[in-house]
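The values are calculated or read from the model by the stated rules, or taken from the named source; none is laboratory data. Everything numeric here is computed off the predicted structure, so don't read it as measured data. Cβ: placed from backbone, ideal geometry, glycine included. Neighbour counts: every protein chain shown. Each accessible area value is taken on the protein alone, full model and side chains, heavy atoms only, with ligands, DNA and RNA left out. Shrake-Rupley method; radii C 1.70, N 1.55, O 1.52, S 1.80 Å.
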Amino acid sequence: MKNDNNLNKYLTKILILSLIITIMLPIGILMIIFGASKSIWIILAFGIVFTVIGFYGCPIIWIYYANNKTMKRVIEIINDESLYSIDEISSHIQISKIQIKNHITNAIKKGYLQGYIFDGNTLKINEKEQISKKTLIQKKCPNCGGLLIENNNEYYCEYCGSKFKNNK
């Protein structure tokens with residue numbers, strides 16, 4: 001959930017940057033026209049810079065945004081639809097297997113996809129992480145949610161006073 005939120009924030013930043021760079025092209029053209037007609041060289045110079053950034057940067061940034069959006073879709077398929085092999089994901093969203101593999105690898109590297117082991121072809125749920133999560137959950141009081149304290153093979157809740165036996 002936290003990683004999904006980080007990815008959404010990152011995508012929002014890229015989208016805003018993409019829109020700014022896209023708007024720079026027509027603004028730069030207008031600045032060139034205005035700067036040249038009024039002989040205001042600073043506006044002309046900025047117009048040229050804006051036009052060049054808009055012209056060359058626009059396709060690059062939008063492709064980058066689309067790739068990250070596709071990576072988000074791959075992560076959603078893995079988490080929500082429980083598809084774990086590259087073949088299944090590829091046939092589901094009609095993207096090449098190489099692209100799926102790259103998206104999964106990047107998502108794991110950036111920390112957007114956690115709790116899985118990727119062998120290059122399929123994802124497997126990391127059992128060690130699942131066990132540690134269960135252990136953390138088991139150390140909370142089921143009655144009040146407080147932390148359980150272990151004492152002589154028993155757990156007790158310091159908030160509500162409930163006692164539980166350690167079943168290990």
Of the residues in the range 9-41, those that are touching a residue at least 24 places away in the same chain (Cβ under 8 Å), open to solvent by less than 60 Å² (accessible area, probe 1.4 Å) and either of a type outside the set (A, V, I, L, M, F, W, C) or over 25 Å from ASN68 (Cβ atoms) (or both) come to SER18, THR22, GLY28
Kindly establish whether ILE43 is at pLDDT 95 or above and under 17 Å from the mean Cα position of the chain (by Cα). no
Just name the residue that is farthest from GLY115 (Cα to Cα) out of those in the range 49-84 that are of a type in the set (A, V, I, L, M, F, W, C) and loosely packed, with under 15 Cβ neighbours inside 10 Å. VAL49
Enumeration of residues in the range 96-124 that are open to solvent by 30 Å² or more (accessible area, probe 1.4 Å) and more than 18 Å from the chain's Cα centre (by Cα): SER96, LYS97, ILE98, ASP119, ASN121, THR122, LYS124
Could you give me the residue pairs with C-beta distances under 7 Å whose first residue belongs to the range 42-55 and is without any contact (Cβ under 8 Å) to a residue 24 or more places away in the chain and within 7 Å of GLY28 (Cβ to Cβ), whose second residue is open to solvent by 50 Å² or more (accessible area, probe 1.4 Å) and of a type in the set (Asp, Glu) wherever it lies, and which are 6+ apart or on separate chains? none
Does any residue in the range 132-159 that is more than 29 Å from TYR116 (Cβ to Cβ) and of a type outside the set (A, V, I, L, M) come within less than 6 Å, Cβ to Cβ, of a residue that is modelled with pLDDT under 75 and not in a strand (DSSP E or B) six or more places away or on a different chain, and which pairs are these? ASN153/ASN166
Would you confirm whether any residue within the range 85-106 is closer than 24 Å to ASN126 by Cβ, modelled with pLDDT of 90 or more and outside any helix (DSSP H, G or I)? yes
Checking LEU123 against (1) modelled with pLDDT of 85 or more; (2) in a helix (DSSP H, G or I), the condition it does not meet: (2)
Being more than 32 Å from the chain's Cα centre (by Cα) and over 27 Å from LEU113 (Cα atoms) is the requirement here; does ILE33 meet it? yes
